[in-house]
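Below is one structure, written out as structure tokens; comments come after it.
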Amino acid sequence: MTVPAWHALPPAQAAARLGTDGQGLSTGEARRRREQYGRNRLPEQPPTPAWLVLLRQFRSPLIYILLIATVVTLLLREFLDTVVIVIALAVNAGIGFGQERRADQAVRALAQLVVPQARVVRDGQERLVDSRDLVPGDLVLLEPGSRVPADLRLMHVTGLRVDESLLTGESTPVTKQVEPVPAAAPLADRHSVAYTGAMVTSGRAWGLVVATGEATELGAIAGLIRGERIAETPLQQRMTRFARVIGLAVAVTAGVAFGSGLWLGGTVEEMFLTAVALAVAAVPEGLPIAVTVAMALGVRRMAQRHAIMRRLAAVETLGSVTVIGSDKTGTLTENRMTVREIWTDDGFHPVGEVPAAGSPLAWTLTAGVLTNEAEAYWTEAGIEATGDPTETALLVAAIESGLVPDELRDRHAVFADIPFEPARKYSASIRQRDGRHLVVAKGAPERILGMCSHRWTGQGPAPLDPEGVNAAAAELAARGLRVLALAGRELPEPVPTPAQVGEPTGLALFGLVGMLDPPRAGVAEAIADCRAAGIRVVMITGDHAVTAR
């Protein structure tokens with residue numbers, strides 16, 4: 001059966017295809033569908049049988065040579081050599097077997113500790129259920145901080161932004177919508193669907209479950225991973241090459257010894273025993289034990305750092321790393337933006353400076369509040385903020401400068417929003433007050449400058465100075481700050497409908513905001529350790545090159 005392109009279907013049509021009115025399922029219908037579709041979970045790989053784990057410890061060319069040597073010494077009644085080789089093989093297998101079994105059991109125990117839940121509508125009532133019990137047609141609520149429990153066709157959206165880096169690798173949260181998108185849209189552009197495993201960073205939404213378990217996009221990725229062949233680690237490759245060299249050297253040496261002995265007058269039996277003894281003596285039976293013990297010690301050290309390694313060879317792979325490519329936001333940094341400095345027509349301003357009414361600083365802070373979907377408020381512990389880190393930073397800066405975001409938003413009601421998109425590089429909001437419309441925008445300086453025709457000063461509009469603005473942006477970026485530009489203007493005529501809102505033009509530049517995303521504790525030391533170990537560290541970011549540098 002062909003799976004519908006859910007992202008291309010209007011909400012009502014998607015609900016009809018799922019056999020629901022979009023108001024939730026009854027308990028009986030949910031039970032029937034669960035029997036039909038199965039539980040909402042990825043298939044668990046059955047535990048590897050103990051005999052197979054034990055057998056895997058002997059899967060090495062060097063071990064093969066030792067096994068052959070064991071048989072040969074046994075046939076020749078060289079029992080002492082046989083015992084020594086058997087002990088070496090047993091110790092090697094025992095260490096590897098014990099470590100892999102313990103790690104596998106630990107991983108499975110951890111998986112049982114987490115039982116995710118989802119908020120759904122059943123029998124007309126909102127309730128929490130085990131997310132593994134979700135079925136196609138269930139109506140699910142998404143809230144900030146929740147993880148999307150199944151593939152959902154969004155039905156109602158309020159400022160929803162979702163982190164889909166698990167699926168797309170893009171760390172910037174994506175703004176979601178209800179309107180369908182073209183059927184041919186790639187996964188990263190399917191803004192009308194929320195996919196399993198994504199994290200809600202801000203906003204709320206209701207969505208209908210359209211796929212569960214293996215049928216989800218995450219399930220498809222898991223299927224590809226299960227079918228992927230496990231490659232040999234660098235050490236395994238070197239050990240294989242070494243075993244071949246050893247095998248060839250032993251064969252050649254034994255052959256030369258056998259032939260030379262016969263030429264010098266020895267008997268066939270004597271020369272055969274001599275050649276075999278020489279071959280057995282040349283096999284380094286202690287090498288597999290030394291390698292296994294070294295890796296086991298590495299696994300133990302990783303366990304002390306709260307990292308579980310399921311296979312011994314995995315720890316060696318980490319030791320072979322020569323380059324680390326790390327995302328910046330949220331990995332090298334705390335993903336907790338803080339406004340450090342603001343530039344306007346009358347110079348640089350520290351955060352916390354109280355602006356004069358109508359000044360460029362006041363309008364810069366106001367624009368940061370009005371083009372914003374985050375929430376911030378005072379508590380006994382200080383300012384609490386929820387939402388996108390960039391937007392929460394703007395709200396906190398406004399509060400610290402004496403502005404009250406809720407009052408500003410109440411005075412300027414939302415008429416229409418243009419959400420941020422990476423390709424667009426800006427976001428904007430149309431606000432209405434006393435029958436008039438005000439458009440405010442924030443985004444990359446080069447993008448906002450292209451929308452501006454003048455700048456705002458304390459005395460009113462003035463000619464724009466792009467070179468001066470770019471120089472100020474470069475100065476902020478050189479301090480490691482992420483730079484945003486904010487601008488706006490009052491529209492000469494109200495916009496008839498939100499659908500007629502286009503890209504803002506003729507704006508007045510209010511100012512630039514420099515933000516810092518502080519590095520995580522220990523990052524500098526970790527990078528220094530990597531460099532000392534000969535590992536090159538590369539930072540991957542969408543920031544301006546000057547800021548990144």
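The values are calculated or read from the model by the stated rules, or taken from the named source; none is laboratory data. None of these values were measured; they are calculated from a predicted model. Every residue, glycine among them, receives a Cβ derived from its backbone with ideal geometry; neighbour counts consider all protein chains shown. For the accessible areas, the whole protein counts, side chains as well, though only heavy atoms, and no ligand, DNA or RNA atoms are used. Shrake-Rupley method; radii C 1.70, N 1.55, O 1.52, S 1.80 Å.
A few remarks follow.
- Descending by average beta-carbon neighbour count within 10 Å, the peptides 23-35, 468-480, 187-199 line up as 187-199, 468-480, 23-35, the highest first.
- The angle between the Cα long axis of helix 389-400 and the longest principal axis of the Cα atoms of the chain comes to about 40 degrees, rounded to the nearest 10.
- With every protein chain in place, the chain: carbon and sulfur % of accessible area (1.4 Å): 58
- For the range 344-482: rounded, prolate or oblate by the Cα gyration tensor [a/c cutoff 1.5]: rounded
- A simple rule links phi to the HN-Hα coupling: the Karplus curve 6.51 cos²θ - 1.76 cosθ + 1.60 with θ = phi - 60°, which for the range 335-350 gives 6, 9, 5, 9, 6, 9, 7, 10, 10, 9, 4, 9, x, 8, 10, x Hz, with x for Gly and Pro.
- Using the Cβ-Cβ distance between Met539 and Ala220 with R0 set to 22 Å, the FRET efficiency works out to roughly 0.10.
- Mean Cβ neighbour count within 10 Å, used as a protection proxy, ranking 486-493, 147-154 highest first: 147-154, 486-493
- Working from Cα pairs under 8 Å separated by at least six residues, relative contact order for the chain is 13 percent.
- Degrees separating the helix 523-532 axis from the principal Cα axis of the chain, which is the longest one: 40
- Of the peptides 210-221, 532-543, 372-383, the ranking by mean beta-carbon count within 10 Å, highest at the top, reads 210-221, 372-383, 532-543.
- For the range 411-468 and the range 14-69, distance of Cα centres in Å: 51
- On the basis of the beta-carbon distance and an R0 of 51 Å, Ser320 and Val414 show a calculated FRET efficiency of 0.40.
- Anisotropy class of the range 452-549 from Cα gyration tensor, a/c 1.5 cut: prolate
- The overall shape of the chain, judged from the alpha-carbon gyration tensor, is prolate: a/c is not under 1.5, and a/b is greater than b/c.
- Helix 234-263 and the longest principal axis of the C-alpha atoms of the chain enclose an angle of approximately 20°.
- Accessible surface, the chain, averaged per residue in Å² (probe 1.4 Å): 53
- Accessible area in the full protein assembly, largest first, 1.4 Å probe, for Asp465, Asp410: Asp410, Asp465
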